[in-house]
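The values are calculated or read from the model by the stated rules, or taken from the named source; none is laboratory data. Worth saying up front: this structure is predicted, and the values here are computed from it rather than measured. Ligands, DNA and RNA are stripped out before the accessible areas are found, and what is left, the full protein with its side chains, is counted by its heavy atoms. Shrake-Rupley method; radii C 1.70, N 1.55, O 1.52, S 1.80 Å.
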Amino acid sequence: MNKVHFFCIGAQKAGTTLLHDILIQHRDIYLPDEKEAHFFDVNEQYKKGLKYYFETYFKSYSGQKIIGNINPNLQVENRSVNRLIESFGNDIKIIFLIRNPVKRAYSHYLMSRKRGYENLGFFDAIKLEKERLANPKLIEDYESQELGHFEKNHLGYIYRSLYADMIKHLYNVLPRENIKIIVFEEFINDKKTVIEDILSFLELDFQPLNTNIKSNIAQKPMFFEVSKF
């Protein structure tokens, strides 16, 4: 096993967990044991090499036709997509879920509050966002010691709601037929049709899949130290 055929790169809070829970039912699709499989987006993990990636996240692979990885943090930096191409070639397929940017930003904010990463009100956090991103802090025991990684991931409410730069980058580095942009609101309103479109995009046979899934992530502790523990 040395190939991942498709990636869903985000956006965060735009239905990626729901997509995972639906697609994993398909007999010809394999998705990693750990849904997001943070590797290409985390420098410290990426340096360990592809052998580590496959041995860590794909232990239960059992011969499915295609392998995928759904990780919304791949949207954060263009370099993550570049790493995908360097590792697997430009015949990989990319799914990008986008959502009303204001609603996405607020949903992101609520998640950061629940995880204990945010203690400001929403409007104060938005006002402070540029300053936070411009002056990152080293967060001990965080998954990456790269400055700015934490702020972009967890406090970049507007930053992660601006999709245009990533879409332009995708069109610059991949064939257009290998890119599928999906609007979250359309996905929620007609999940069956969107899933059929995705299966066609992945060149897989249609199978009846349960799309009436409630993919709610459990709430996380309110305090950062407890969340880390």
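Table for the structure above
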| item | result |
| --- | --- |
| Percentage relative contact order, region 22-148, counting C-alpha pairs under 8 Å, at least six apart | 24 percent |
| Exposure ranking of M111, M1 by accessible area [1.4 Å probe, largest first] | M1, M111 |
| Amide H contacts of L97 (H built 1.01 Å from N, under 5 Å, at least 5 apart or other chain) | I9, G10, A11, I182 |
| Distribution of pairwise C-alpha distances over region 93-156, 5 Å bins, in % | 3, 16, 24, 24, 17, 11, 4, 0 |
| Relative compactness, region 111-213, computed as alpha-carbon Rg over 2.2 N^0.38 Å | 1.44 |
| Rounded accessible area per residue of the chain, 1.4 Å, Å² | 52 Å² |
| Top of A125, A11, A37 by mean-square fluctuation, Gaussian network on the chain, Cα under 10 Å | A125 |
| Carbon and sulfur %, accessible surface of the chain computed with the full protein complex present, 1.4 Å | 51 percent |
| Cα pair count fraction exceeding 19 Å, expressed as % - region 1-80 | 33 percent |
| Cα extents of region 119-177 along the three principal axes, largest first (Å) | 42, 28, 16 |
| For H149, solvent-accessible area (1.4 Å; no DNA, RNA or ligand), Å² | 20 Å² |
| Expected 222 nm ellipticity per residue - DSSP helices of 4 or more, -39500 (n - 2.57), all of the chain, to 500 | -11000 deg cm²/dmol |
| Square roots of five times the Cα gyration tensor eigenvalues for the chain, Å | 28, 20, 18 |
| Kirkwood hydrodynamic radius (C-alpha pairs) into Stokes-Einstein, region 37-116, 25 °C and 0.890 mPa s, D in µm²/s | 166 µm²/s |
| For the chain, built as a Gaussian network whose Cα springs stay under 10 Å, the top-fluctuating residue of G68, G148, G15 | G148 |
| Whole-Hz couplings from phi, Karplus 6.51/-1.76/1.60, listed for region 184-201; x for Gly and Pro | 3, 4, 6, 4, 5, 6, 8, 4, 4, 5, 5, 5, 4, 5, 5, 4, 5, 4 |
